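What follows draws every value from the coordinates through simple rules; no lab data is involved. Keep in mind the model is a prediction, meaning the values are calculated, not measured. So basically every Cβ, Gly included, is an ideal-geometry build from the backbone, and we count neighbours across all protein chains shown.
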Amino acid sequence: MNRIIVWIKANKLTSILLLIVFYFLFQKYISSSLSYQRTYSGGADYSPALGMKVAPQSLDLGMRPDYMLPQQEAAPTSDVSDRLVISESYLSLLVTNVAEAQKQIIQTAQSFGGYMVNSNLNNPQDAPTATVTVRVPSNRLQEALELFRGVAVKVISENLMGEDVTDQYVDNQARLETLEKTKAKFEEILEAATEIQDILQVQREIINLQAEIDAVIGQQKYLEQSAKLARLTVYLSTDELALPYAPSETWRPVVIFRQAVRSLIYQMRKIGTALIWLAVYSVIWIPALLLIYYFKKRKPL
């Protein structure tokens, strides 16, 4: 240690040059290391499968995805016999072949008369992951879930939610009737109007009412179709750690061991990358060191 200090004192310019080179080489790796630590501690930057729509969770072994949190429910009513419920499901599946499982899920949804909403496939750190979102007829939801479970080696987590939008649908229907009656009244006034100013004003009101009517009709169609076709989001991976789930045990040695191995591999890759950068930049720092050594030798005693 004393030799190093003595060498630094004797070669101040060289030491400063080395510090500058190493600063530029390792600047981006420091930030990437912090990002990696947040990822594997379940921080806000963690996205288990391709930017999926899931909150921070899973790998800190304590937090839960946002779709597992209690959902706000409308006040129940009993005066409507035919309820309008929008169903949404989430599955986390451990599979042997991600691409094949993804294909089977899409084909199953299409065979039921549904369709694919979106599909993503990625291969982060040699652990393939995918997210598939499909819609299937609500009356075949349980059948679809059963077939999707059959694709997996293990079902890591499953969550089924239903949002009752009956009250909203009934309110929209009442509002639609009121708007149509109001529009009809204005049309009667328009037929009886004789002044140009009155005609223009009534026409503006009719146009505004028609816009509101179209908006309500659009909402009604959306609610009807959403209730008719259930939405299923399936997370697929060959590695359980890449899936969103809420583990029952807060301390699991096997999981910790896997995380440690991954962290070691990640750090070794960083070191290898840094060495490559250092070798590439050698065209700068080696000549600089040689010049410093040359001028130092020529310096008179």
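Tabulated results
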quantity	calculated
Which of Leu93, Leu209 has the fewest Cβ neighbours within 10 Å, and the rest in rising order	Leu209, Leu93
Which of Thr182, Thr108 has the fewest Cβ neighbours within 10 Å, and the rest in rising order	Thr182, Thr108
Förster radius 35 Å - calculated FRET efficiency between Glu146 and Gln219 (Cβ-Cβ, nearest 0.05)	0.60
Dipole of region 96-162, positive end: most advanced residue of Val151, Gln107, Asn123 [Cβ charges, Cα centre]	Gln107
Normalised contact order of region 168-224, rounded percent, pairs of Cα under 8 Å and 6 or more residues apart	50
Anisotropy class of region 168-224 from Cα gyration tensor, a/c 1.5 cut	prolate
Packing rank of 220-231, 271-282, where each peptide gets the mean count of other beta carbons within 10 Å, highest leading	220-231, 271-282
Two-site FRET efficiency, Val280 against Asn123, from Cβ-Cβ distance with R₀ of 22 Å, rounded to 0.05	0.25
Simple label model, 7 Å out from Cα along Cβ direction - Gln110 to Gln173, nm	3.6
